[in-house]
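Structure, as structure tokens:
The values are calculated or read from the model by the stated rules, or taken from the named source; none is laboratory data. The structure presented is a predicted model; accordingly, all values stated were derived computationally and were not measured. Backbone-built Cβ (ideal geometry, glycine too); neighbour counts: all protein chains shown.
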Amino acid sequence: MTDRELYLKAKEALANAYAPYSGFSVGAACEADSGEVYTGVNIENASYPAGICAERCAMSKAVSEGVRSFKRIAIASSGGEAWPCGICRQFMNEFTDSPEDLIVITGADEDHLEMMSLAELLPKGFRL
């Protein structure tokens, strides 16, 4: 699967986002080391901290099925490019052996993608 195809899966997931408070819908598609793809969306809640970002939603679905390592994650939003928040960056760091090898993909649309490694987005991420 190409980076563009993974991004399009994230974009497709946008239809299921639940963002009545911010109006900012986000979809994510993460690719496990096995090649399997899991999607997720942001899900807001009136109790704001109870919401979840699309990246953690997608990865949590995969983790709940036994996946423990990922190679790429694409993020699409209703407002153009969307880089992961700090909590999501640390969450992703938990599920990769090498932050240099986990690639984050986002962009204004599928024709204008940008990519960075998790190591670039989260230098010196916390590890136990």
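Working carefully through the options Met59, Met1, find the one that is of a type outside the set (Asp, Glu), in contact with a strand residue (DSSP E or B) (Cβ under 8 Å, 6 or more places away or on another chain) and at pLDDT below 95.
Details: Met59 fails: at pLDDT below 95.
None of the others qualify; the one that does is Met1.
Does Arg72 meet the test of being closer than 19 Å to Gly125 by Cβ, surrounded by fewer than 15 Cβ atoms within 10 Å (Cβ to Cβ) and in contact (Cβ under 8 Å) with a residue 12 or more places away in the chain?
Considered against the rule, which asks whether it is closer than 19 Å to Gly125 by Cβ, surrounded by fewer than 15 Cβ atoms within 10 Å (Cβ to Cβ) and in contact (Cβ under 8 Å) with a residue 12 or more places away in the chain, Arg72 comes out as no.
Going through Ile87, Ile105 one at a time, which residue ends up being closer than 19 Å to Ile43 by Cβ, under 13 Å from the mean Cα position of the chain (by Cα) and not in a loop (DSSP other than H, G, I, E, B)?
Ile87 is the lone residue from the list that is closer than 19 Å to Ile43 by Cβ, under 13 Å from the mean Cα position of the chain (by Cα) and not in a loop (DSSP other than H, G, I, E, B).
Tell me, yes or no, whether the stretch 44-56 has at least one residue that is free of Cβ contacts under 8 Å to residues at least 60 places away in the same chain, exposed (fewer than 15 other Cβ atoms within 10 Å of the Cβ) and under 19 Å from Leu6 (Cβ atoms).
Looking for residues that are free of Cβ contacts under 8 Å to residues at least 60 places away in the same chain, exposed (fewer than 15 other Cβ atoms within 10 Å of the Cβ) and under 19 Å from Leu6 (Cβ atoms), one finds none in the stretch 44-56, hence no.
Is there a residue in the stretch 77-87 that is of a type in the set (D, E, K, R) and modelled with pLDDT under 95?
Within the stretch 77-87, one or more residues are of a type in the set (D, E, K, R) and modelled with pLDDT under 95.
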